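Contents: one structure, followed by commentary.
What follows is calculated from the coordinates using simple rules that are stated; it is not laboratory data. What you see is a predicted model, and the numbers here were worked out from it, not measured in a lab. No Cβ is skipped: glycine too gets one built from the backbone with ideal geometry, and neighbour counts run over all protein chains shown.
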Amino acid sequence: MNNNLANIKKSISFLNKDDCVAIPTETVYGLAANAYSSKAVRKIYTLKRRPINNPSIIHYSSLNQLEKDCELNKNFFKLYKKFCPGPITFVLKLKKESRISKIATNNKKTVAIRFPKNKITQKLLKILNYPLAAPSANISTKISPVSASDVKEEFGNKIKFILNGGRSKIGLESTIISLIDKPRILRLGGIERTKINKVLNKNIKYDKTNKKISVPGQSKLHYSPGIPIKLNIIKPKPNEAFILIKKRKKSYKNYYYLTKNKNLKQAAKNLYRILRVIKKKNYKRIVVEKIPNNGFGETINDRLKRASTK
Ligand code: TXA
Ligand code: MG
């Protein structure tokens, strides 16, 4: 614990100097900077090689602070009560008087915000007097990091500080829901769609083809391990890594299991970690067996499809 506090203090000293720090969250690690400082936010985009037109998620620990930056509505409060802090991101109307950097929002009238659940990051946010802009802490289009060592692998010595908060419990990104006008899901993620439907008492659409709002993760190559991926495969070739949903009795060196028992939440947690393990070996291709498309299976299939887009 003392160690954590010392590291939180170290993070603060970097953040206060407009530098970036990697922070742990329950979904994936984020590359964070003062959301009110364009100088700081610009550094995130340079480090990540992120296109400037892709806005960042802003991370908060209190509603009081959030209220200064955006308009909160009924649907927001319903979902906030049920899921926050947790793996859900809301797109809301930005307030005119908001101090959030226009670089972080790409000059939009809306902003994506979330309340992360990791204790260390919550403590950090509580001490700071500004929220943190933080996209996932990976080079743009690559696999998101789920541990401090994954972040180190992405950025090497280019990153000034990584706040270690252990392995991410969810293991893939937050669900993004737009609450501007009619609620729409913009990215599948850490909260299942059916749970959101239940709270809002209607069937919320997953808007994967929306062109008006730029969510680059929706179309082009993303979450890529840098090796071709093929889905719905029954049997692999010897030079292919084979990802299976459930452990088999007979095992081979190139078999990688997402779970012991087919639990889809567990599978989601293991996906990026396993892709990263495979990436370091010399396989020609990654092939994946058919993954059930219910619950977190839908999110897993979504990520695999995007990772396999050429
Ligand atoms: O779990 C997560 O959400 C992680 C952790 C670090 O919080 N963050 C994350 O950030 O996945 P990133 O930048 O990799 O993905 C954020 C997505 C992007 O696809 C971006 O286009 C979208 O959020 N986004 C940001 N602002 C938006 C807005 N105003 N309207 C619609 N989409 C927005
Ligand atoms: Mg990302």
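Highest mobility in the GNM of the chain, judged by mean-square fluctuation with C-alpha springs under 10 Å and restricted to Lys142, Lys81, Lys95, is found for Lys81. For Ala148, neighbours were defined as the other residues whose beta-carbon sits under 14 Å from its Cβ, and their charges (Lys and Arg +1, Asp and Glu -1) total +3. Pairs exceeding a 23 Å alpha-carbon distance, out of Lys253/Lys284; Lys119/Lys208; Lys108/Lys202; Lys102/Lys142; Lys82/Lys182: Lys119/Lys208; Lys108/Lys202; Lys102/Lys142. May I ask what percent, to the nearest 5, of DSSP beta bridges between residues of the chain are antiparallel? The antiparallel fraction comes to roughly 45 percent. The tail of the calculated P(r) for the stretch 1-157 beyond 26 Å holds 20 percent of all Cα-Cα pairs. Modelled spin labels at Lys158 and Lys235, positioned 7 Å past Cα toward Cβ, are 4.3 nm from each other. Any of Lys95/Lys195; Lys81/Lys126; Lys74/Lys109; Lys123/Lys152; Lys81/Lys260 with alpha carbons more than 24 Å apart? Name them for me. Beyond 24 Å between Cα atoms: Lys95/Lys195; Lys81/Lys260. One decimal place: the segment Lys305-Ser251 gains 16.9 nm when fully extended, by the rule 0.36 nm per residue minus the C-alpha distance. Over the stretch 146-301, what is the percentage of antiparallel beta bridges among all DSSP beta bridges, to the nearest 5? The answer is about 20 percent antiparallel. Comparing Ile139, Ile180, Ile44 in a Gaussian network model of the chain (Cα springs below 10 Å), the most mobile by mean-square fluctuation is Ile180.
The trypsin sites (Lys or Arg not before Pro) found in the stretch 27-77 that occupy coil by DSSP, while having at most 16 further C-beta atoms within 10 Å, are Arg49. Comparing Glu97, Glu298, Glu26 in a Gaussian network model of the chain where C-alpha atoms under 10 Å apart are linked, the largest mean-square fluctuation is found at Glu97. Sorted fewest first by neighbouring Cβ atoms within 10 angstrom, Glu173, Glu289, Glu154 come out as Glu289, Glu154, Glu173.
Evaluated at q = 0.11, 0.12 Å⁻¹, the base-10 log of the normalised Debye intensity for the chain, with identical point scatterers placed on the Cα atoms, takes the values -0.65, -0.78. A simple count of charges around Glu240, restricted to other residues whose Cβ falls under 9 Å of its Cβ and scoring Lys, Arg +1 and Asp, Glu -1, yields +4.
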